[in-house]
1. If you take the beta carbon distance between residue 38 and residue 155 as r and set R0 to 30 Å, what does 1/(1 + (r/R0)^6) give as a FRET efficiency, to the nearest 0.05?
2. Could you tell me which of 133, 106, 79 has its Cα farthest along the dipole of the chain towards the positive end, charges placed at Cβ (Lys, Arg +1; Asp, Glu -1), taken about the Cα centre?
3. Given Cβ point charges of +1 (Lys, Arg) and -1 (Asp, Glu) and nothing else, what value in debye, to the nearest 20, does the dipole of the range 40-95 about its Cα centre take?
4. Test of understanding: ordering 54, 142 by Cβ neighbours within 10 Å, fewest first, what list do you get?
5. Please work out how much length the chain gains when fully extended from residue 135 to residue 50, using 0.36 nm per residue of separation minus the C-alpha to C-alpha distance, in nm with one decimal.
6. Using a Förster distance of 30 Å, how high is the FRET efficiency between residue 147 and residue 111, based on the Cβ-Cβ distance and rounded to 0.05?
7. Below 20 Å Cα-Cα, how many Lys pairs turn up in the chain? Only count pairs eight or more apart in sequence, or on different chains, if you could.
8. If you average 1/r over all unlike Cα pairs in the chain and invert the result, what Kirkwood radius do you get in angstrom?
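What follows is calculated from the coordinates using simple rules that are stated; it is not laboratory data. Keep in mind that this is a model prediction, so the values were computed, not measured. Positions of Cβ are generated from backbone atoms using ideal geometry, with glycine treated the same way; all protein chains shown enter the neighbour counts.
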Amino acid sequence: MKILAVSGWSGSGKTTLIAALIPLLSARGLSVSTIKHAHHNVVLDKPGKDSYVHAEAGAQEVILTTGGSFALFSRRPASLEALLNRLLPVDLVLIEGFKAEPFPRLGVYRAALGKSTPWPDKDLLAVAADTPLPDCPVPTLHLNEPDRIADFLISALGLNKSGNR
């Protein structure tokens, strides 16, 4: 499995870009999974539901399953490596928000936020931005051109329909 970190400041468009890339990469024959890091605690299950009651009673992990899908709820923190090991093999895993992890990285930059640029970063492959970045040391891709970003990533990561898993 190839792994690409997608990182940038809150509000830069990471999630929107990832949501645009997934169907584009899938249409090119690639299988894609994602892992999203949140910087704040969220309630992953609905209070009052049976699966929530199981966890409140002390279950370390709870799997909620239906005829078409399942969700695993865990009350223990997990490393990125452990989470990656839980995934089924795919061609590409997009990890959002793991700025310090040593994986090839696509920086997402929106000038209007007034935040610092995503370099220097030894793992930075390219920056998807809403404005030209003449001082950027890696390729700059337009944030609103996900087709071109997908093509760049396929080439830069050596992805193809066979042999990536």
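1. My answer for the efficiency is 0.45.
2. The one lying farthest along the dipole's positive direction is 79.
3. Once rounded to the nearest 20, the dipole reads 100 debye.
4. Sorted ascending by nearby Cβ count, the order is 142, 54.
5. My answer for the length gained is 25.2 nm.
6. About 0.85, to the nearest 0.05.
7. 13
8. So the Kirkwood estimate lands at 17.5 Å.
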